[in-house]
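A short worksheet on the structure shown next.
The values are calculated or read from the model by the stated rules, or taken from the named source; none is laboratory data. Note that the structure is a prediction, hence the values are computed from the model and not measured. Methodologically, a virtual Cβ is constructed for each residue, glycine included, from the backbone with ideal geometry; neighbour enumeration extends over all protein chains shown. In case anyone asks, the SASA skips ligands and DNA or RNA and just uses the protein heavy atoms, side chains included. Shrake-Rupley method; radii C 1.70, N 1.55, O 1.52, S 1.80 Å.
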Amino acid sequence: MASLIQKRFFTINRMDRFSQLEFGEKRPDKDRSQGEPVRDANYYLKVALKYWLAGDFEVALRNYSRVLEHNNLDIEGWIGQVLMLIELGEYKEALIWSDKALKLFPEHAELLAAKAVACSRDAMMDKAVAYSDNSISREDVTSRVWLARAEVMMSRKNQVMEGCISKAISSAGKKSAIVKLEAARLLRKKGNYSAAIGHLKEVVEEFPKSALAWYELGCCQAKLGLPHAKAALEQALQFHPDWDEAKEALNKLGGFWGRFFKRILQN
(Lines give C-alpha, C1' and ligand atoms only; values in the text may rest on other atoms or scores of the structure.)
Protein backbone atom coordinates (compact mmCIF):
# COMPACT_ATOMS: atom_id res chain seq x y z
CA MET A 1 0.00 0.00 0.00
CA ALA A 2 1.27 3.45 -0.85
CA SER A 3 2.76 5.50 1.97
CA LEU A 4 0.19 7.37 4.04
CA ILE A 5 2.32 10.49 3.94
CA GLN A 6 4.18 10.52 0.65
CA LYS A 7 1.15 10.34 -1.61
CA ARG A 8 0.07 13.87 -2.31
CA PHE A 9 -3.37 13.81 -3.84
CA PHE A 10 -6.57 12.40 -2.38
CA THR A 11 -8.24 9.69 -4.43
CA ILE A 12 -11.76 8.35 -4.06
CA ASN A 13 -10.83 4.87 -5.17
CA ARG A 14 -12.56 2.58 -2.68
CA MET A 15 -9.56 0.32 -2.16
CA ASP A 16 -6.93 2.86 -1.14
CA ARG A 17 -8.47 6.31 -0.88
CA PHE A 18 -7.88 6.59 2.85
CA SER A 19 -4.28 5.45 2.65
CA GLN A 20 -3.58 8.63 0.71
CA LEU A 21 -4.99 11.28 3.03
CA GLU A 22 -2.56 14.15 3.17
CA PHE A 23 -1.45 16.36 6.00
CA GLY A 24 1.35 18.64 7.01
CA GLU A 25 2.20 19.90 3.54
CA LYS A 26 1.25 23.51 3.02
CA ARG A 27 0.61 24.28 -0.61
CA PRO A 28 0.38 27.81 -1.98
CA ASP A 29 -3.13 28.75 -3.00
CA LYS A 30 -3.81 29.64 -6.60
CA ASP A 31 -4.16 33.29 -7.49
CA ARG A 32 -7.32 34.67 -5.91
CA SER A 33 -9.54 37.37 -7.23
CA GLN A 34 -9.89 40.35 -4.93
CA GLY A 35 -12.56 39.66 -2.33
CA GLU A 36 -12.32 35.87 -2.42
CA PRO A 37 -11.80 34.22 0.98
CA VAL A 38 -8.35 33.09 2.02
CA ARG A 39 -8.24 29.34 1.65
CA ASP A 40 -6.61 28.55 4.95
CA ALA A 41 -7.36 25.89 7.58
CA ASN A 42 -10.40 27.77 8.88
CA TYR A 43 -11.81 28.05 5.38
CA TYR A 44 -11.60 24.30 4.84
CA LEU A 45 -13.10 23.61 8.27
CA LYS A 46 -16.18 25.58 7.23
CA VAL A 47 -16.34 23.78 3.89
CA ALA A 48 -16.02 20.40 5.62
CA LEU A 49 -18.90 21.24 7.96
CA LYS A 50 -20.99 22.35 4.98
CA TYR A 51 -20.51 18.99 3.27
CA TRP A 52 -21.16 17.07 6.48
CA LEU A 53 -24.46 18.88 6.83
CA ALA A 54 -25.14 17.89 3.23
CA GLY A 55 -24.55 14.24 4.06
CA ASP A 56 -21.56 14.14 1.70
CA PHE A 57 -19.06 12.52 4.04
CA GLU A 58 -16.57 11.74 1.28
CA VAL A 59 -16.11 15.40 0.35
CA ALA A 60 -16.17 16.44 4.00
CA LEU A 61 -13.31 14.03 4.64
CA ARG A 62 -11.35 15.51 1.75
CA ASN A 63 -11.73 18.99 3.20
CA TYR A 64 -10.67 17.92 6.69
CA SER A 65 -7.59 16.52 5.01
CA ARG A 66 -6.99 19.93 3.45
CA VAL A 67 -7.23 21.52 6.88
CA LEU A 68 -4.28 19.41 7.91
CA GLU A 69 -2.35 20.35 4.78
CA HIS A 70 -2.42 23.93 6.01
CA ASN A 71 -1.94 23.16 9.69
CA ASN A 72 -1.25 19.63 10.85
CA LEU A 73 -1.68 20.76 14.47
CA ASP A 74 -5.31 21.73 13.93
CA ILE A 75 -7.17 19.43 16.31
CA GLU A 76 -10.51 20.01 14.57
CA GLY A 77 -8.97 18.76 11.34
CA TRP A 78 -7.80 15.55 12.99
CA ILE A 79 -11.07 14.91 14.82
CA GLY A 80 -13.12 15.66 11.73
CA GLN A 81 -11.02 13.33 9.62
CA VAL A 82 -11.47 10.47 12.08
CA LEU A 83 -15.21 11.08 12.37
CA MET A 84 -15.69 11.13 8.59
CA LEU A 85 -13.82 7.85 8.24
CA ILE A 86 -16.28 6.43 10.77
CA GLU A 87 -19.20 7.85 8.77
CA LEU A 88 -17.86 6.09 5.68
CA GLY A 89 -17.58 2.76 7.51
CA GLU A 90 -13.78 2.77 7.37
CA TYR A 91 -13.36 1.85 11.01
CA LYS A 92 -9.85 0.41 10.85
CA GLU A 93 -8.63 3.50 9.00
CA ALA A 94 -10.34 5.64 11.63
CA LEU A 95 -8.39 3.79 14.31
CA ILE A 96 -5.12 4.29 12.45
CA TRP A 97 -5.71 8.02 12.10
CA SER A 98 -6.94 8.43 15.65
CA ASP A 99 -3.67 6.86 16.83
CA LYS A 100 -1.70 9.27 14.63
CA ALA A 101 -3.62 12.18 16.13
CA LEU A 102 -3.14 10.92 19.68
CA LYS A 103 0.62 11.01 19.16
CA LEU A 104 0.27 14.75 18.62
CA PHE A 105 -2.46 15.25 21.24
CA PRO A 106 -1.94 12.57 23.92
CA GLU A 107 -5.00 11.69 25.98
CA HIS A 108 -7.17 14.23 24.16
CA ALA A 109 -10.75 13.56 25.30
CA GLU A 110 -12.43 13.97 21.90
CA LEU A 111 -9.86 11.82 20.10
CA LEU A 112 -10.26 9.09 22.72
CA ALA A 113 -14.04 9.37 22.31
CA ALA A 114 -13.79 9.11 18.52
CA LYS A 115 -11.59 6.06 18.88
CA ALA A 116 -14.18 4.56 21.22
CA VAL A 117 -16.86 5.00 18.55
CA ALA A 118 -14.63 3.41 15.88
CA CYS A 119 -14.06 0.42 18.17
CA SER A 120 -17.78 0.17 18.90
CA ARG A 121 -18.69 0.22 15.19
CA ASP A 122 -16.02 -2.42 14.56
CA ALA A 123 -17.55 -4.70 17.24
CA MET A 124 -14.69 -4.26 19.71
CA MET A 125 -16.88 -3.36 22.64
CA ASP A 126 -14.41 -3.96 25.46
CA LYS A 127 -11.97 -1.53 23.86
CA ALA A 128 -14.78 0.87 23.07
CA VAL A 129 -15.86 1.06 26.70
CA ALA A 130 -12.26 1.41 27.87
CA TYR A 131 -11.53 4.34 25.55
CA SER A 132 -14.86 5.92 26.44
CA ASP A 133 -14.13 5.55 30.16
CA ASN A 134 -10.79 7.25 29.58
CA SER A 135 -12.36 10.07 27.58
CA ILE A 136 -14.93 11.02 30.23
CA SER A 137 -12.25 10.96 32.91
CA ARG A 138 -10.45 13.88 31.24
CA GLU A 139 -10.92 17.45 32.39
CA ASP A 140 -11.95 18.73 28.94
CA VAL A 141 -15.12 16.65 28.51
CA THR A 142 -17.19 18.11 25.67
CA SER A 143 -20.46 17.40 23.88
CA ARG A 144 -18.65 15.12 21.44
CA VAL A 145 -17.35 13.05 24.32
CA TRP A 146 -20.85 12.63 25.75
CA LEU A 147 -22.29 11.77 22.33
CA ALA A 148 -19.63 9.11 21.87
CA ARG A 149 -20.44 7.79 25.34
CA ALA A 150 -24.10 7.63 24.37
CA GLU A 151 -23.28 5.52 21.32
CA VAL A 152 -20.95 3.19 23.18
CA MET A 153 -23.62 2.72 25.86
CA MET A 154 -26.45 2.29 23.36
CA SER A 155 -26.93 -1.36 24.22
CA ARG A 156 -27.45 -0.49 27.90
CA LYS A 157 -30.64 0.82 29.46
CA ASN A 158 -32.24 3.80 27.74
CA GLN A 159 -31.65 5.99 30.79
CA VAL A 160 -27.86 5.70 30.38
CA MET A 161 -27.89 6.79 26.75
CA GLU A 162 -30.46 9.50 27.35
CA GLY A 163 -28.43 10.85 30.25
CA CYS A 164 -25.34 11.13 28.05
CA ILE A 165 -27.33 12.88 25.32
CA SER A 166 -28.77 15.30 27.85
CA LYS A 167 -25.26 16.17 29.05
CA ALA A 168 -24.09 16.60 25.44
CA ILE A 169 -26.89 19.04 24.64
CA SER A 170 -26.54 20.99 27.89
CA SER A 171 -22.81 21.52 27.23
CA ALA A 172 -23.18 22.33 23.52
CA GLY A 173 -23.25 26.11 23.75
CA LYS A 174 -23.21 27.71 20.28
CA LYS A 175 -23.00 24.26 18.68
CA SER A 176 -26.41 23.27 20.00
CA ALA A 177 -27.96 22.56 16.58
CA ILE A 178 -25.01 20.39 15.49
CA VAL A 179 -25.11 18.43 18.74
CA LYS A 180 -28.89 17.97 18.50
CA LEU A 181 -28.48 16.62 14.95
CA GLU A 182 -25.90 14.10 16.15
CA ALA A 183 -28.08 13.23 19.14
CA ALA A 184 -31.08 12.68 16.87
CA ARG A 185 -29.06 10.36 14.65
CA LEU A 186 -28.21 8.25 17.70
CA LEU A 187 -31.82 8.26 18.86
CA ARG A 188 -32.96 7.09 15.42
CA LYS A 189 -30.40 4.29 15.54
CA LYS A 190 -31.77 3.31 18.95
CA GLY A 191 -35.36 3.44 17.67
CA ASN A 192 -36.44 6.48 19.71
CA TYR A 193 -38.00 8.16 16.67
CA SER A 194 -40.29 10.60 18.48
CA ALA A 195 -37.44 11.98 20.58
CA ALA A 196 -35.26 12.27 17.47
CA ILE A 197 -37.97 14.18 15.60
CA GLY A 198 -38.24 16.70 18.43
CA HIS A 199 -34.56 17.58 18.02
CA LEU A 200 -34.59 17.45 14.22
CA LYS A 201 -37.41 19.96 13.90
CA GLU A 202 -35.20 22.44 15.72
CA VAL A 203 -32.21 21.53 13.57
CA VAL A 204 -33.95 22.14 10.25
CA GLU A 205 -34.97 25.57 11.50
CA GLU A 206 -31.32 26.36 12.20
CA PHE A 207 -30.00 24.62 9.06
CA PRO A 208 -32.87 24.69 6.55
CA LYS A 209 -30.58 23.55 3.70
CA SER A 210 -29.06 20.59 5.53
CA ALA A 211 -29.74 17.46 3.51
CA LEU A 212 -28.53 15.37 6.44
CA ALA A 213 -31.04 16.89 8.84
CA TRP A 214 -33.94 16.53 6.41
CA TYR A 215 -32.93 12.95 5.65
CA GLU A 216 -32.82 12.00 9.32
CA LEU A 217 -36.17 13.70 9.90
CA GLY A 218 -37.77 11.93 6.94
CA CYS A 219 -36.45 8.55 8.03
CA CYS A 220 -37.82 9.01 11.56
CA GLN A 221 -41.18 10.20 10.27
CA ALA A 222 -41.36 7.25 7.87
CA LYS A 223 -40.76 4.82 10.75
CA LEU A 224 -43.74 6.30 12.57
CA GLY A 225 -45.89 6.35 9.42
CA LEU A 226 -46.17 10.13 9.44
CA PRO A 227 -47.33 11.81 6.23
CA HIS A 228 -44.58 14.44 6.34
CA ALA A 229 -41.87 11.84 5.66
CA LYS A 230 -42.04 12.15 1.89
CA ALA A 231 -41.71 15.94 1.95
CA ALA A 232 -38.71 15.76 4.28
CA LEU A 233 -36.92 13.22 2.08
CA GLU A 234 -37.70 15.33 -0.99
CA GLN A 235 -36.05 18.25 0.76
CA ALA A 236 -32.97 16.14 1.45
CA LEU A 237 -32.74 15.22 -2.23
CA GLN A 238 -33.24 18.83 -3.27
CA PHE A 239 -30.05 19.75 -1.44
CA HIS A 240 -28.15 16.52 -2.21
CA PRO A 241 -29.66 15.09 -5.43
CA ASP A 242 -27.22 12.21 -5.83
CA TRP A 243 -27.59 10.80 -2.31
CA ASP A 244 -28.38 7.11 -2.74
CA GLU A 245 -29.52 6.57 0.85
CA ALA A 246 -32.09 9.35 0.55
CA LYS A 247 -33.31 7.99 -2.78
CA GLU A 248 -33.68 4.53 -1.25
CA ALA A 249 -35.55 5.90 1.76
CA LEU A 250 -37.95 7.76 -0.50
CA ASN A 251 -38.49 4.72 -2.69
CA LYS A 252 -39.28 2.60 0.37
CA LEU A 253 -42.29 4.79 1.06
CA GLY A 254 -43.79 2.93 -1.90
CA GLY A 255 -46.89 3.68 -3.89
CA PHE A 256 -47.24 6.04 -6.78
CA TRP A 257 -45.09 8.83 -5.33
CA GLY A 258 -42.19 6.52 -4.66
CA ARG A 259 -42.23 5.28 -8.26
CA PHE A 260 -42.77 8.81 -9.57
CA PHE A 261 -39.76 10.29 -7.80
CA LYS A 262 -37.64 7.28 -8.66
CA ARG A 263 -38.21 7.97 -12.36
CA ILE A 264 -37.44 11.66 -11.93
CA LEU A 265 -34.23 11.02 -10.00
CA GLN A 266 -33.00 8.49 -12.54
CA ASN A 267 -33.40 10.94 -15.46
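Looking for something open to solvent by less than 20 Å² (accessible area, probe 1.4 Å), under 20 Å from residue 83 (Cα atoms) and in contact (Cβ under 8 Å) with a residue 40 or more places away in the chain - is there at least one such residue anywhere in the range 201-211? Yes - at least one qualifying residue is present in the range 201-211.
Given the condition out of contact with any Lys or Arg (no Cβ under 6 Å at 6 or more places or on another chain), at pLDDT 95 or above, open to solvent by 50 Å² or more (accessible area, probe 1.4 Å) and closer than 23 Å to residue 210 by Cβ, answer yes or no: does some residue in the range 123-143 qualify? No, because not a single residue in the range 123-143 is out of contact with any Lys or Arg (no Cβ under 6 Å at 6 or more places or on another chain), at pLDDT 95 or above, open to solvent by 50 Å² or more (accessible area, probe 1.4 Å) and closer than 23 Å to residue 210 by Cβ. Residues that are surrounded by 19 or more Cβ atoms within 10 Å (Cβ to Cβ) and more than 14 Å from residue 204 (Cα to Cα) within the range 168-182 comprise 168, 172, listed in sequence order.
Which residues, taken from the range 65-79, are aliphatic (A, V, I, L, M) and open to solvent by 20 Å² or more (accessible area, probe 1.4 Å)? Lay out the reasoning, then the answer.
Start the filter on the range 65-79 by keeping residues that are aliphatic (A, V, I, L, M), which leaves 67-68, 73, 75, 79.
Across the range 65-79, the qualifying residues are 73, 75.
Pairs under 6 Å by beta carbon, first residue over 18 Å from residue 88 (Cα atoms) in the range 243-261, partner open to solvent by 70 Å² or more (accessible area, probe 1.4 Å) and modelled with pLDDT under 95, six or more apart or different chains? Going by the 6 Å Cβ cut-off, the qualifying pairs are 251/262. In this structure, is residue 189 among the charged types (D, E, K, R), within 30 Å of residue 140 (Cβ to Cβ) and open to solvent by less than 40 Å² (accessible area, probe 1.4 Å)? No; evaluated as a whole, the condition is false for this residue. Taken together, the residues in the range 101-135 that are assigned to a helix (DSSP H, G or I), free of Cβ contacts under 8 Å to residues at least 24 places away in the same chain and not hydrophobic (A, V, I, L, M, F, W, C) amount to 6.
Taken over the range 147-167, the criterion of being surrounded by fewer than 20 Cβ atoms within 10 Å (Cβ to Cβ), modelled with pLDDT of 95 or more and charged (D, E, K, R) is satisfied by 167 alone.
For the range 25-63, which positions are of a type outside the set (A, V, I, L, M), in a loop (DSSP other than H, G, I, E, B) and modelled with pLDDT of 85 or more? Of everything in the range 25-63, those that are of a type outside the set (A, V, I, L, M), in a loop (DSSP other than H, G, I, E, B) and modelled with pLDDT of 85 or more turn out to be 39, 40, 55, 56. Taking (1) touching a residue at least 24 places away in the same chain (Cβ under 8 Å); (2) outside any helix (DSSP H, G or I); (3) within 20 Å of the chain's Cα centre (by Cα) in turn, residue 138 satisfies each apart from (3).
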